[in-house]
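So the structure is just underneath, and the comments pick up after that.
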Amino acid sequence: YHLGLLYRDTSKPEEAVKCNKKALDLLNNRKAEGDVVNTMYQQMAQILYNNAGNTLREELNRSEEAVEIFGEAVKNLPKSSTMWTLLGDSYSQDNGIGNDEEATRHYKIATSLDPSYAFAWGHMGTAYARLGNYEEAITAFKACLDLSPQNTKSRINLATVYRIQGFHEKAVNEYRAILAYEPDNVIAKERMQNSLGAIAKKRRRGETIEKK
């Protein structure tokens, strides 16, 4: 494990992954032999799976191998919402293999195990939005924001879904919420002006403006 950290810190991700995999083999063997208590196993295994899988996915662009690592992780740690979320990430289009439908399945498991896990809700919303399932995306983003009101990425993404649906007033409300705690957020400022412009055009044409 510590050798893997050393390789990671010296920009040798391939060697770091090998060390993490070897450490996992040793840890799983010790668990099978009854030499490690369950709580200690869960803590150490999560760290090792996380390090190996994320290095494969984010640094080495080997998402299929990351799917294998996190697939093994959820078999050994079936109640870990973190591992289920990372498996979903490995399937998603964000540094994953590009299967958002499969990703949402794993995010659902993660949130069923831990409904308070905001990141899983946020990632689920992003995957649903890419699939064009906007109502499901809105539900997931709102769940994330109920738990983590200052999750800017999810709030931006929620506003984007509202804009796609033509609900610019709702989008403006989300951008204003962001600017209340991040007054210099350039994306929120620019997109709010775009939505305000769209609202003004609707008014000039005499179209109905959606309720806030």
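Some notes on this structure:
- One chain, two ends: Lys189 and Lys108. Fully extended at 0.36 nm per residue, the span grows by 25.9 nm beyond their Cα-Cα distance.
- For segment 1-127, the orientation-averaged shadow of the C-alpha convex hull comes to 7.3 nm² (one quarter of the hull surface).
- Check: the chain dipole with +1 on Lys, Arg Cβ and -1 on Asp, Glu Cβ, in debye: 1020
- Here the Kirkwood formula puts the hydrodynamic radius of the chain at 19.0 Å, using every distinct Cα pair.
- Spin-label model, Arg205 to Thr139: label points 7 Å out along the Cα-to-beta-carbon direction sit 3.1 nm apart.
- Computed helical MRE - 222 nm, the chain, DSSP H runs ≥ 4 contributing -39500 (n - 2.57), nearest 500: -24000 deg cm²/dmol
- Pairs beyond 28 Å (Cα-Cα), from Lys108/Lys201; Lys21/Lys79; Lys18/Lys75; Lys18/Lys79: Lys108/Lys201
- Using every pair of separate Cα atoms, the Kirkwood estimate puts the hydrodynamic radius of segment 42-109 at 11.3 angstrom.
Where a number appears in this text, it was derived from the coordinates with a stated rule and is not lab data. Owing to the predicted nature of the structure, the values given are computational and were not obtained by experimental measurement. All Cβ positions, even for glycine, are placed from backbone atoms using ideal geometry, and neighbour counts span all protein chains on display.
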